[in-house]
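Take a look at the structure set out below.
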Amino acid sequence: MRFLVITDLHQKRADVGWINEEISARKAEFVLFLGDITDFGTKELAAEILSKIDSEVYAIPGNCDPLNLPEGIKNVANDMHGKACEIGGYRLIGLGGSNITIFHTAFELEEDELYEGLKKNASEGMIMMTHAPSYGVLDQIPSGISVGSRAIKRIVDEYHPILALSGHIHEAIGVVEQNGTVFVNPGPAKEKRFAVIDIEDGKVRAELLRH
């Protein structure tokens, strides 16, 4: 199973062109979009952007997306906010928004909301897509402070996903493996960054790329 992962497009609609080129070139079976589709835009704008992606898309909102984004995209993408599905023989769960920030952005959740929103769908060995990162992994801002979610870390510790995908922290690009979980932040799509993930027999291989 091969798929493309993008996040933090922040409304750069023109970039859908290169995303479609990479979907074709990499032979991706589907796309996981980890949020911040818009930059404090509307659900209609999010739907317009997603509708132009030439692939099946599974999407969650970011903290810069509107609260009504999930209902606004359901006709053009698979809304994964607080939801789960089976894909390629694996359980995929999602939760958008971020933990609380100092910026009071549009879609922020308390830690207990993040925990309960993930726990209701969580299972051992799942694939997890969140906008915010797990605390302590790919979550450092330039000052070196970790700003990830402790609730997401708790879910990781309890359910051991094979893959934990996040965006949100634009500078914390990377692939890290810890205790059997591969963590990936592909970097912001607004900078033409993305990841290609291959999963075969429970083994994850992640490649960070730039168009």
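The values are calculated or read from the model by the stated rules, or taken from the named source; none is laboratory data. All values derive from a computational prediction rather than experimental measurement. Neighbour counts are summed over all protein chains in view; Cβ atoms, including those assigned to glycine, are modelled from backbone coordinates with ideal geometry.
None of A47, A25, A14 is among the small types (G, A, S) and modelled with pLDDT under 95 except A14. Under the condition of being within 25 Å of P133 (Cβ to Cβ) and touching a Lys or Arg at 6+ places or on another chain (Cβ under 9 Å), the residues counted in the stretch 46-57 number 1. Selection of the stretch 65-80 for residues being part of a loop (DSSP other than H, G, I, E, B) and surrounded by fewer than 21 Cβ atoms within 10 Å (Cβ to Cβ) yields P66, L67, N68, K74, N75, V76. Screening the stretch 81-133 for residues that are of a type in the set (S, T, Y) and either in a strand (DSSP E or B) or modelled with pLDDT under 95 (or both) and picking the one that is surrounded by the fewest Cβ atoms within 10 Å (Cβ to Cβ) gives Y90.
The set of residues from the stretch 146-178 being closer than 20 Å to V204 by Cα and hydroxyl-bearing (S, T, Y) comprises Y159, S166.
Only one of the listed residues (G136, G41, G62) is under 21 Å from H170 (Cα atoms), crowded, with 24+ Cβ neighbours inside 10 Å and not aliphatic (A, V, I, L, M). That residue is G62. Residue pairs whose Cβ atoms lie under 7 Å apart, separated by 6 or more positions or on different chains, with the first residue in the stretch 194-205 and in contact (Cβ under 8 Å) with a residue 40 or more places away in the chain and the second among the aromatic types (F, W, Y) and assigned to a strand (DSSP E or B), are I197/F3; I199/Y90.
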